[in-house]
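Right, one structure below, let's go through it.
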Protein chains: 2
Amino acid sequence: MRRDVFQAIADPVRREIIDILSESELSVNEVAERFEISRPAISKHLKILDECGIVSIAKRGRERFCYVNHQNLIPAFLWVEKYHKQWEKRINSFEEYVNQLRNKKDRNE
Amino acid sequence: MRRDVFQAIADPVRREIIDILSESELSVNEVAERFEISRPAISKHLKILDECGIVSIAKRGRERFCYVNHQNLIPAFLWVEKYHKQWEKRINSFEEYVNQLRNKKDRNE
DNA sequence: TTTATATGTAATCATTTAGTTACACAACTG
DNA sequence: CAGTTGTGTAACTAAATGATTACATATAAA
């Protein structure tokens, strides 16, 4: 069973959990209330997020409060970010191309 | 069947395919040669990458050449990048903490 | 035209995933 | 103490995933 940040953020429910917990720390039930699926399903998602370090769970009384450790998203960030320049190049050359078309059009008017 | 960039890059083989094709455009067989798994398996991975726009496949003769469209990684980049500041804050405060310790130690020496 | 090569795809399979319900148990509340 | 609440987990299920082998087809080469 793979358990890494890429697999963790592949699931839309888990991404939403991360989004929600980034707003405020919540108990397991408070997280589950925000979704249609059952509480055990959310519990499992939280376990997966916990296992790859993205979420930590702190016991306080009978509740468990969950919070995000954003720094564990860094490996995913770095992998994608290394292609940043390449899509910027593309977008710039697209903009250049559009500008060329615009200028040509302007000259023809 | 979900087919989005997050699901596409969740698989390590697909990430490696993206890495390899970022170096140079390759035919399907040339991609497959670089992996232990069978050619049809690679074919399927390429199909998935194609379906979510990350890889395009151009027929030339009997070969099909594959190349990456990096701009289709942007949605994944944006989702992760929005937490950039939060882990930077963390890292900065860690560095601050380390510096405090250092200064304290310096004063004690 | 025959043969070889490059590739896609169908059929199949084992494993993983994401969900469910039912139950156990610890910790608050009255 | 008895009941309620918050949560984990086991058992189960359907669907998705990632791989394989076997076969079909198109194109190039002899």
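Looking at the range A:1-31, which of the residues that are away from DNA strand C (no atom under 12 Å from the Cβ), free of Cβ contacts under 8 Å to residues at least 24 places away in the same chain and assigned to a helix (DSSP H, G or I) is nearest to the other protein chains (Cβ to nearest Cβ)?
A:19
If you scan the range A:49-82, which residues turn out to be more than 11 Å from DNA strand D (Cβ to nearest atom), in contact with a strand residue (DSSP E or B) (Cβ under 9 Å, 6 or more places away or on another chain) and either within 19 Å of residue B:11 (Cβ to Cβ) or more than 13 Å from every other protein chain (Cβ to nearest Cβ) (or both)?
Those that are more than 11 Å from DNA strand D (Cβ to nearest atom), in contact with a strand residue (DSSP E or B) (Cβ under 9 Å, 6 or more places away or on another chain) and either within 19 Å of residue B:11 (Cβ to Cβ) or more than 13 Å from every other protein chain (Cβ to nearest Cβ) (or both): A:49, A:54.
If residue B:96 satisfies every condition in (1) assigned to a helix (DSSP H, G or I); (2) modelled with pLDDT under 95; (3) within 14 Å of chain A (Cβ to nearest Cβ) but one, which is the exception?
(3)
Restricting the search to the range A:27-43, which residues are more than 6 Å from DNA strand D (Cβ to nearest atom), under 19 Å from residue A:9 (Cα atoms) and surrounded by 14 or more Cβ atoms within 10 Å (Cβ to Cβ)?
Selection gives A:31, A:32, A:35, A:42.
For the range A:45-62, how many residues are within 11 Å of DNA strand C (Cβ to nearest atom) and surrounded by fewer than 14 Cβ atoms within 10 Å (Cβ to Cβ)?
Qualifying residue count for the region: 6.
Across the range B:32-48, which residue is nearest to the other protein chains (Cβ to nearest Cβ) among those that are part of a helix (DSSP H, G or I) and of a type in the set (A, V, I, L, M, F, W, C)? Let's see the steps before the verdict.
We begin by selecting, within the range B:32-48, every residue part of a helix (DSSP H, G or I); these are B:32-33, B:39-48.
If we keep only those that are of a type in the set (A, V, I, L, M, F, W, C) too, we end up with B:32, B:41-42, B:46, B:48.
Numbers: B:32: 22, B:41: 16, B:42: 19, B:46: 18, B:48: 12 Å.
Residue satisfying both the conditions and the ranking: B:48.
Output the residues belonging to the range A:24-48 that are among the polar types (S, T, N, Q) and in contact with a strand residue (DSSP E or B) (Cβ under 7 Å, 6 or more places away or on another chain).
At the first step, the residues of the range A:24-48 found to be among the polar types (S, T, N, Q) are A:24, A:27, A:29, A:38, A:43.
Across the range A:24-48, the qualifying residue is only A:27.
Among the residues of the range B:5-45, which ones are among the β-branched types (Val, Ile, Thr) and under 21 Å from residue B:74 (Cβ atoms)? Working first, answer last.
First, the residues of the range B:5-45 that are among the β-branched types (Val, Ile, Thr): B:5, B:9, B:13, B:17-18, B:20, B:28, B:31, B:37, B:42.
If the condition is that a residue be among the β-branched types (Val, Ile, Thr) and under 21 Å from residue B:74 (Cβ atoms), then B:5, B:9, B:17, B:18, B:20 are the ones that fit.
Against the definition (touching a helix residue (DSSP H, G or I) at 6+ places or on another chain (Cβ under 7 Å), under 30 Å from residue B:23 (Cβ atoms) and of a type in the set (S, T, N, Q)), how does residue A:86 come out, yes or no? Show your work before the answer.
Values: touching a helix residue (DSSP H, G or I) at 6+ places or on another chain (Cβ under 7 Å): yes; under 30 Å from residue B:23 (Cβ atoms): yes; of a type in the set (S, T, N, Q): yes.
It is true that residue A:86 is touching a helix residue (DSSP H, G or I) at 6+ places or on another chain (Cβ under 7 Å), under 30 Å from residue B:23 (Cβ atoms) and of a type in the set (S, T, N, Q).
The values are calculated or read from the model by the stated rules, or taken from the named source; none is laboratory data. None of these values were measured; they are calculated from a predicted model. Heads up, the Cβs are rebuilt from the backbone with ideal geometry, glycines too, and the neighbour counts pull from every protein chain shown.
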